[in-house]
Amino acid sequence: MTDIKSGVNLLFLREEELRQGIELLYFAYRDFTAEPDAILAEYGFGRAHHRVIYFVGRSPGITVSALLSTLRITKQSLSRVLGQLVEDGLIIQVPGPRDRRQRLLELTAKGIELERLLTEKQRARIARAYREAGADAVEGFRKVMLGLIDDADRPRFPARGAPPRPRG
């Protein structure tokens, strides 16, 4: 079933293949988050806390505004989660150098350790899957994932070999 003009096999666009893709995403996400969820539960945290810890760790000094934009959550939701993380000593808020009203977020040593522990589990899972799949499959996966995210977020992920874009 190859489209002669494009050379593309359209077999993967059948309903069953598309549904299997949806199910694979569900199961992958469930298993990808299971170990971190168990660690977060020990702190009384959930996935929203994990996302904040992760992105603050990836972009030390990220503004609250940039974090809201990245996570696409309400100020109220972020405020609740961020308040807990600050209260528990995992994140500090530093006034901006030019605008003292601006709040820059950074992980504390305790936050860095938790982020490392959470990410270590997920990194190992991704590394194993990448090794088993091989380079061509990894690049195909990257293309599929980029195709799933909104256009506005795609520039966050430069082509392989290109310098990373600044975060925050």
Pairs, please: C-beta under 6 Å, at least 6 apart or cross-chain, first residue more than 16 Å from His49 (Cα to Cα) and in the stretch 98-125, second open to solvent by less than 70 Å² (accessible area, probe 1.4 Å) and small (Gly, Ala, Ser)? Gln102/Gly96; Leu104/Gly61; Leu104/Gly96
Restricting attention to the stretch 150-168, report how many residues are touching a Lys or Arg at 6+ places or on another chain (Cβ under 9 Å) and either modelled with pLDDT of 95 or more or surrounded by 12 or more Cβ atoms within 10 Å (Cβ to Cβ) (or both). 4
For Ile126, state whether it is hydrophobic (A, V, I, L, M, F, W, C) and either surrounded by fewer than 11 Cβ atoms within 10 Å (Cβ to Cβ) or assigned to a helix (DSSP H, G or I) (or both). yes
Just one of the numbered conditions (1) open to solvent by 50 Å² or more (accessible area, probe 1.4 Å); (2) touching an Asp or Glu at 6+ places or on another chain (Cβ under 9 Å) is not true of Leu107; which one? (1)
Out of (1) within 25 Å of Asp31 (Cβ to Cβ); (2) open to solvent by 30 Å² or more (accessible area, probe 1.4 Å); (3) at pLDDT 95 or above; (4) under 18 Å from the mean Cα position of the chain (by Cα), what's the single condition that is false for Leu114? (2)
Reported set for the stretch 38-55 where residues are surrounded by 19 or more Cβ atoms within 10 Å (Cβ to Cβ), of a type in the set (A, V, I, L, M) and either more than 10 Å from Val81 (Cα to Cα) or touching a residue at least 60 places away in the same chain (Cβ under 8 Å) (or both) is Leu40, Ile53
Please list, ordered by residue number, the helices (runs of 4 or more DSSP H) wholly in the stretch 26-123 having 3 or more residues that are farther than 27 Å from Ala152 by Cα and of a type outside the set (Val, Ile, Thr). 75-87
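Would it be correct to say that Glu15 is at pLDDT 95 or above, among the acidic types (Asp, Glu) and open to solvent by 70 Å² or more (accessible area, probe 1.4 Å)? Steps first, answer last, please.
On the way: at pLDDT 95 or above: no; among the acidic types (Asp, Glu): yes; open to solvent by 70 Å² or more (accessible area, probe 1.4 Å): yes.
It is false that Glu15 is at pLDDT 95 or above, among the acidic types (Asp, Glu) and open to solvent by 70 Å² or more (accessible area, probe 1.4 Å).
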Counting only residues in the stretch 81-95 that are surrounded by 13 or more Cβ atoms within 10 Å (Cβ to Cβ) and closer than 12 Å to His49 by Cβ, the one farthest from the chain's Cα centre (by Cα) is identified as Asp88
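The values are calculated or read from the model by the stated rules, or taken from the named source; none is laboratory data. Keep in mind the model is a prediction, meaning the values are calculated, not measured. FYI the Cβ positions are ideal-geometry reconstructions off the backbone, even for glycines, and counts take in every protein chain you see. Ligands, DNA and RNA are stripped out before the accessible areas are found, and what is left, the full protein with its side chains, is counted by its heavy atoms. Shrake-Rupley method; radii C 1.70, N 1.55, O 1.52, S 1.80 Å.
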